[in-house]
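Take a look at the structure below.
The values are calculated or read from the model by the stated rules, or taken from the named source; none is laboratory data. These figures come from a predicted structure and were not determined experimentally. Backbone-built Cβ (ideal geometry, glycine too); neighbour counts: all protein chains shown. Areas reflect the complete protein model, heavy atoms only, side chains present, ligands, DNA and RNA absent. Shrake-Rupley method; radii C 1.70, N 1.55, O 1.52, S 1.80 Å.
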Amino acid sequence: MAGPMDRLIRAVERLSQAAGVVSAILLIGMVLHILLEIVLRSFFSSSTFVLDEFVGYGVAAMTFLSLGYALNEGALIRVNILLGRTTGRPRIGIEIFSVAVTLAMTVFIAAYFWRSVARNWRREAVSESIAEIPLWIPEGLVLAGMSLFAIQLAAYLLRLIAGDRKIVGEDTESLEQVE
């Protein structure tokens, strides 16, 4: 791979890794909040009254923020019906097509979230709970996750187009034998 592309891929990987760390921190925060809620309810007959809301926001943020990292680590669930039965150029073509379609869908969804975040920011919309969380915050975390996923998909697509065949599970030797 070329130098600039190598640097781009490493930067995207670092961004995805950072988002994965944020996801882990959110998980720890949710566990601590649940434990606090258990102690408050069990010993003090009290509550924070926002556990379900915060855990819901945390799960959404964790899910989307970790998508890029999961893609980079090969941890996303994939249906390999076609890829498992093809080799060489057809396999890479199918992979490029799949990644391009996924990237297009991800950008479309991220654009929708961008509009929603901007609208909630302008309107100063808040949640209907006692916490009155500005809605742009949880939606912004989802938007950040979708954006990072789109960037990771674009980097993955660039690697495919550049001929990095290791990422589709084929090494150069097996491709040379087929071609």
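Here are some notes:
- Test for ARG78: is it among the basic types (Lys, Arg) and either under 22 Å from TYR156 (Cα atoms) or under 12 Å from the mean Cα position of the chain (by Cα) (or both): yes
- Some residue of segment 135-154 being of a type in the set (Gly, Ala, Ser) and either at pLDDT below 90 or more than 28 Å from VAL50 (Cβ to Cβ) (or both): yes
- Restricting segment 40-62 to residues that are open to solvent by 60 Å² or more (accessible area, probe 1.4 Å) and of a type in the set (A, V, I, L, M, F, W, C), the residue that is nearest to SER127 (Cα to Cα): PHE54
- Looking across segment 70-98, just one residue is among the polar types (S, T, N, Q), touching an Asp or Glu at 6+ places or on another chain (Cβ under 8 Å) and farther than 29 Å from ALA19 by Cβ, and that is THR87.
- Options LEU8, LEU71, LEU67; residue that is within 23 Å of GLU95 (Cα to Cα) and open to solvent by 60 Å² or more (accessible area, probe 1.4 Å): LEU8
- Selection within segment 124-148 - among the polar types (S, T, N, Q) and either under 16 Å from TRP114 (Cβ atoms) or assigned to a helix (DSSP H, G or I) (or both): SER147
- Residue in segment 108-128 that is open to solvent by less than 80 Å² (accessible area, probe 1.4 Å), β-branched (Val, Ile, Thr), under 30 Å from THR48 (Cα atoms) and at pLDDT 95 or above present: yes
- Test: residue in segment 43-56 that is within 19 Å of the chain's Cα centre (by Cα), of a type outside the set (A, V, I, L, M, F, W, C) and modelled with pLDDT of 95 or more: yes
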